[in-house]
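The values are calculated or read from the model by the stated rules, or taken from the named source; none is laboratory data. For clarity, every value in this text was computed on a predicted model and none was experimentally measured. Glycine also receives a Cβ, built like all others from the backbone with ideal geometry; neighbour counts cover every protein chain displayed.
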Amino acid sequence: MNEKVQVRLNTLAVHRVGNKSKEEGVVIAKDLVDLRDEQLSQLLLGYFLSPFKQEEYFRFTHTSDLALNELFAYATLMFNEPEKFYAYTVHILNHLYEQSDHPKVKSGELYVAYFSGCLMEEDYVDAIGIFKSENKDNFLSFEEAGGDLSMSYHAGINLKSVDKGCLIFNTEAEDGYRVKLVDANSTDALFWKEDFLGVAEIKDTNFNTKTYLNLCKDFSEEVFAKSESKKEQIDFISRSVDYFSKNDNFNLEEFTSSVIDEPESAERFKNYSQAFAEERDIEGFQDFAINKNTVRNMKRKFRNFIKLDTQIEIKFSGYNPEQSEQYVERGFDEERGMHFYKVFFHSES
């Protein structure tokens, strides 16, 4: 959530949730948080909303009936009956406790918030935020008295980012709302996303773009790596990223012909792509609109360097396929019995 100008934190409840398998129980706050302190409200807004920078949107799901998804049901009640907000936060707390039965799930504070003025595409809507803080940091505090300065420390929550969170936007209710997620702890990611929330990612332009670029990365590492050099793998990724950067729409035939020169490798890629889509039940994977923001974010995740066993690394700046193909050559020195890379340049710095 980069757009925080219009957003207001209207209501907030904070409870404590323990680990059920350890019988830690819950602590229910007696009342809502007093938000009349404007500085406190602004600090909480930044704490809650700053982690939501990703493009992915999710929606509530259920195997038989969407209405049976507990968080979907509570969100609907909260949007329709905001005067009963506090009571529903207790139900959410108890639901979270019931799902916190794995030994790795940490205890922590549960925050349930009601926001207004959240920008969703071109409309401002209300949203419900559910957050959990699990990790404590130590902080130094100082007190000046009688011309002297004393120092002490205490444990507290670092306001840089929440450990777990979701934003439920009051739109597309019939399709499970639109939900954003954040989870800093990968060891129990399924607990938050699936057990507690019961959400699935929406297969939109972001999903297709991200998934296909990951497919290219997997193909490079699993298939290309068996027969091609590291340079060929980087060239393939560079050409793939270049295609997604320069085109507004993806077409499998066009992509394959522009990225892979060898017909046999092109056919292997098509088969790999088809199997990938079938395994994940993805439709329309041969033609789709490209999400440019997702392409920019995905570039950071791809490896663009070659690490040699002589403790030398060759790093390519950005993803420019012409750069690699024109200025770097790979060969084999018969006399030394070693591979080599030849790099061409005009000047050095």
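Let's see how each residue does on (1) under 29 Å from K136 (Cβ atoms); (2) in contact (Cβ under 8 Å) with a residue 24 or more places away in the chain; (3) not assigned by TED's automatic domain parsing to the domain that holds T294:
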| position | (1), (2), (3) |
| --- | --- |
| R16 | yes, yes, yes |
| S21 | yes, yes, yes |
| K30 | yes, no, yes |
| L66 | no, yes, yes |
| L71 | yes, yes, yes |
| T89 | yes, yes, yes |
Check your understanding: Got a number for residues in the range 60-79 being outside any helix (DSSP H, G or I) and touching a strand residue (DSSP E or B) at 6+ places or on another chain (Cβ under 6 Å)?
Key -> 3
Study note, to complete from the structure: Exactly one of A75, A113 is surrounded by 12 or more Cβ atoms within 10 Å (Cβ to Cβ), farther than 17 Å from D183 by Cα and in contact with a Leu (Cβ under 6 Å, 6 or more places away or on another chain), and that one is A113
Revision key, fill the gap. For the range 128-156, the count of residues that are of a type outside the set (K, R), in contact with a Gly (Cβ under 9 Å, 6 or more places away or on another chain), assigned to a strand (DSSP E or B) and surrounded by 12 or more Cβ atoms within 10 Å (Cβ to Cβ) equals 5
Review point. If we keep just the residues of the range 80-100 that are assigned to a helix (DSSP H, G or I) and under 26 Å from the mean Cα position of the chain (by Cα), which is surrounded by the fewest Cβ atoms within 10 Å (Cβ to Cβ)?
Key: E98
Practice item. Looking at (1) at pLDDT 85 or above; (2) buried (at least 19 other Cβ atoms within 10 Å of the Cβ), find the lone condition where K246 falls short. Key: (2)
**Study point:** Matching residues, the range 265-292, being modelled with pLDDT under 90 and exposed (fewer than 13 other Cβ atoms within 10 Å of the Cβ)
**Key:** E278, E279, R280, D281, E283, G284
**Study point:** Criterion violated by A13 - all others in (1) assigned to a helix (DSSP H, G or I); (2) surrounded by 17 or more Cβ atoms within 10 Å (Cβ to Cβ); (3) of a type in the set (G, A, S) satisfied
**Key:** (1)
Study note, to complete from the structure: Quick count over the range 157-177, residues being at pLDDT 90 or above and either of a type in the set (S, T, N, Q) or in a strand (DSSP E or B) (or both), is 8
Practice item. Select, from V259, V328, the only residue that is under 22 Å from F219 (Cβ atoms) and in contact with a helix residue (DSSP H, G or I) (Cβ under 6 Å, 6 or more places away or on another chain). Key: V259
Review point. Which residues, counting only those in the range 97-116, are modelled with pLDDT under 95 and more than 18 Å from G165 (Cβ to Cβ)?
Key: D101, H102, P103, K104
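Conditions (1) farther than 23 Å from I92 by Cα; (2) under 22 Å from the mean Cα position of the chain (by Cα); (3) at pLDDT 90 or above, marked per residue:
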residue: I128; (1), (2), (3): no, yes, yes
residue: E134; (1), (2), (3): no, yes, yes
residue: F142; (1), (2), (3): yes, no, yes
residue: V179; (1), (2), (3): no, yes, yes
residue: A184; (1), (2), (3): no, yes, no
residue: A200; (1), (2), (3): no, yes, yes
Point to revise | Pairs, first closer than 17 Å to S240 by Cβ in the range 282-295, second of a type in the set (G, A, S), C-beta under 6 Å, six or more apart | key: F285/A277; V295/S245
Study note, to complete from the structure: Of (1) in contact with a strand residue (DSSP E or B) (Cβ under 9 Å, 6 or more places away or on another chain); (2) in contact (Cβ under 8 Å) with a residue 24 or more places away in the chain; (3) in a helix (DSSP H, G or I), Q42 satisfies every one except (2)
Revision key, fill the gap. Within the range 15-57, the residues that are acidic (D, E) and within 19 Å of G165 (Cβ to Cβ) are E55, E56
